[in-house]
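The values are calculated or read from the model by the stated rules, or taken from the named source; none is laboratory data. Remember, predicted model here, so these are calculated numbers, not experimental data. Reconstructed Cβ throughout: ideal geometry from the backbone, glycine too, with neighbour counts over all protein chains shown.
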Amino acid sequence: MLMSLVLMSSCATIVSRSSYPVTISSNPSNAHFKITDEDNIVVYEGTTPQTVRLDASSGYFKKASYAINFSMPGYVDTTTVVRSKLDGWYIGNFVFGGLIGWLGVDPLTGAMYSIPYRNIFVSLKKDEAATLAQRNDSIVVPFK
């Protein structure tokens, strides 16, 4: 009964979640991507398109932040940042959850934050310098 009371007194934990599916895609597709957290630890690597789960929190009262680096031969490496934000349901603790939800359950489960982006799309730009260098390598110059 005590556990039920604790869980029922945390608005974000009940209504929201602590990790979110995020679809990562690019143009062109099949680009390699690497996700690192705020401590520069790789949390996921793959190729686009793909859906991954990202935690909204990186600790007690600590928002998560991720850098997603995209790379593909012939294209400029591109990095985008994803930061979690305060979940609106966490504010519901003022009305329904009280201190148990405000200081305990929601911060511990990570549900006090949410990932605002469900789709990350990056359009990669051609690396003109690499393309030019590749063309110059294939030019045959006759000897005199």
Legend entry - Looking only at region 68-83, and only at residues there that are surrounded by fewer than 15 Cβ atoms within 10 Å (Cβ to Cβ) and aliphatic (A, V, I, L, M), the one that is nearest to D55 (Cα to Cα): V81
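Quick one: which of D106, D87 is buried (at least 20 other Cβ atoms within 10 Å of the Cβ), among the charged types (D, E, K, R) and at pLDDT below 70?
Answer to the selection: D106.
So, in region 24-37, how many residues would count as being surrounded by 15 or more Cβ atoms within 10 Å (Cβ to Cβ) and in contact with a Ser or Thr (Cβ under 9 Å, 6 or more places away or on another chain)? Show your work before the answer.
Keep residues of region 24-37 that are surrounded by 15 or more Cβ atoms within 10 Å (Cβ to Cβ), which gives 24-26, 31-37.
Filter again for in contact with a Ser or Thr (Cβ under 9 Å, 6 or more places away or on another chain), leaving 24-26, 31-34, 37.
Number satisfying all stated conditions: 8.
Quick one: count up the residues across region 1-56 that are in a strand (DSSP E or B) and either at pLDDT below 75 or of a type in the set (F, W, Y) (or both).
Narrowing region 1-56 to residues in a strand (DSSP E or B): 19-27, 32-37, 42-47, 50-55.
Keeping just the survivors that are either at pLDDT below 75 or of a type in the set (F, W, Y) (or both) gives 20, 33, 44.
Number of matching residues: 3.
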